[in-house]
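Structure first, commentary second.
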Amino acid sequence: MKKLGLGNKGMESQIQEEAQQLVEFFAETKGQPFDPSIPIMKAICGVICAVAFGHHFSIDDKDFLELMKSISTALKFGGSIFYVLYEGLPDIMKHLPGPHQTALSALETIVSFARKEITLHKENQKLHEPQDFIDFYLLKMENRKDDLNSTYNEDNLALCIADLFIAGTDTTHASLLWAMLLMANNLDIQDKVHKEMDEVFGSLPSISYKDQKKLPYTYAVIHEILRKKYPFLFGLPRQCVQDVYLNGFLIPKGAVLFPDLRSVLLDPQHWEEPEEFNPNRFLDEAGKFVEKEAFLPFGAGARVCLGELLAKTEFFNIFTKLLRQFRLEPPEGVEKLSEKSILGVSVHPAPYKICAHPRIRTP
C-alpha cells in the first residue's frame, strides 16, 4: 500500500478523475434535488479499481455495475442478524438457505472479478515497472517464490482485493454522505470553506492532497466531520498477543478486543461540547490547524488502518472538488436535513436529497 504512490501525482490523478466525473454528475442535476448516494459510491469504487487494477471502468460497464451490486449485497449482509448467526454457527448455516447464501455468492463474484484482473496482469506482466496493487503483489510473489513459508499467492491476492472493495468503499462512502449532509445543514461553514479555497487558489484548476495545510479551515472541517460522524460503532477487532495488565485489569493472551474509538472521539474530557459540530476546535487563535491527540478515527499503533492515506486522499480531493464548484443546499421547503443514523456495517445517514447549485466564481 505504501508503494502505490498514494498522496503522489500518479495515483492522486486517478482519484481526481473520479472526482471530476462526480462534479459532472452534480452539474447535470441543474440544481434539482437528488440522492448523492449512488454517484458517490460509483466514484469510490472507481478509485479502488484504479488502486487495485491500475485503470478505470466506464460507469455503464456491465461487469463494473455487477461488481457494485455485489459489494452492496455483501455490505448489507454484514450489518444483519444473519451475519451474526453465520459467524457463530458456520457449520450449520452453510447448509441452510437464507440471505447468507446470497451474500456468499456476491463475495464470490467480487473474488472472480479480481481473478480476471490478476490473469490479465500476468499476461502483460511488468515486474520491474509495477503500477498498481496487483503489480506490486505479483512482484512480491516472484521475490518470495523460493520461500516455502511465504503466504503470497494468487488466492490471497484475490481475497486482499475483495477486502479492498469491502473495507475501502463503505466507510468512505458513509463519511462523504455525512459530509454532504453536514455542509447542507451548515451553510455558513460551507461558505467559509469555499471562500478559503477561492482566496488561496483562485482560478487554479485543481487542488491536491499536499495542499491541505494551505487550507487550515477546510482541513479543520474535514477533521470535524470525521470526528463527529465516525462511520463505525466500534473499531475493528484485534487479538491480544500476550497477557497485558491495564489499569490493574488482566487482558489475557488470545482475547479479542473491540476498541471503542467512538467514545474517544466524543469524550468531553478531550472535546468541549463534543456533540456540537464545530470545526474551530481544530484551530488555534491565529486560525492555524492544531493536531489533536484524541483524534483517532483510523486507530493507532502498529495496527492502524492500512487504508488511512487512501481514505484521506479520496475524501480531501472529492470534498474540495465538489465544494469549489457547488453550494450544497437542502431542497426547497426543507429547513434542515435529518441527521438520523442507519446502522449497518458502518453508520450511514438516512437517505436524503440535496440540491447542488453551481458557484459563480468571482474574478
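The values are calculated or read from the model by the stated rules, or taken from the named source; none is laboratory data. The structure presented is a predicted model; accordingly, all values stated were derived computationally and were not measured. FYI the Cβ positions are ideal-geometry reconstructions off the backbone, even for glycines, and counts take in every protein chain you see. Heads up: the accessible areas ignore ligands, DNA and RNA and are worked out on the full protein's heavy atoms, side chains in. Shrake-Rupley method; radii C 1.70, N 1.55, O 1.52, S 1.80 Å.
Values for this structure:
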| item | result |
| --- | --- |
| Relative contact order for the range 74-147, counting Cα pairs under 8 Å that sit 6 or more residues apart, in percent | 21 |
| Protein accessible area in the range 261-363, 1.4 Å probe - carbon and sulfur % | 52 |
| Tally of Lys pairs whose C-alpha atoms are under 20 Å apart, taken over the range 1-133, 8 or more apart or cross-chain | 11 |
| Gain in span if fully extended, residue 246 to residue 140, counting 0.36 nm per residue against the direct Cα distance | 34.3 nm |
| Square roots of 5 times each gyration tensor eigenvalue, C-alpha, the range 1-155, largest first, Å | 29, 28, 12 |
| Compactness index (Cα Rg / 2.2 N^0.38 Å), the range 215-317 | 1.23 |
| Residues in the range 233-267 that a label on residue 151 would reach, taking backbone N under 15 Å of a point 7 Å out along Cα→Cβ | 238-241 |
| FRET efficiency, residue 129 to residue 80 (Cβ-Cβ, R0 35 Å, nearest 0.05) | 0.20 |
| Violating pairs (Cα-Cα greater than 26 angstrom) within the set 228/288; 210/340; 192/321 | 210/340 |
| The range 191-260 - Debye-derived log10 I(q)/I(0), Cα point model, q = 0.18, 0.28 Å⁻¹ | -0.77, -1.19 |
| Cβ charges +1 (Lys, Arg) and -1 (Asp, Glu), total dipole of the range 297-363, debye | 220 |
| Reach of residue 336 by Cα under 18 Å, taken over aspartates and glutamates that are not fewer than 8 positions away in the same chain | 35, 188, 191, 275, 276 |
| Reciprocal mean inverse distance between Cα atoms of the range 258-343 - Kirkwood radius, Å | 16.2 |
| Sequence-separation-based contact order of the chain, relative, with Cα cut under 8 Å and 6+ spacing, percent | 25 |
| For the range 207-228 and the range 76-145, distance of Cα centres in Å | 33 |
| Peptides 87-97, 214-224 ordered by average Cβ neighbours within 10 Å, highest first | 214-224, 87-97 |
| Loop trypsin sites (Lys or Arg not before Pro), the range 114-194 (other Cβ atoms within 10 Å of the site Cβ: 14 or fewer; DSSP) | 126, 144, 145 |
| The range 149-195: translational diffusion in µm²/s, Stokes-Einstein, Kirkwood Rh over Cα pairs, 4 °C, 1.567 mPa s | 96 |
| Accessible carbon and sulfur surface of the range 45-174 relative to its total accessible area, %, 1.4 Å | 54 |
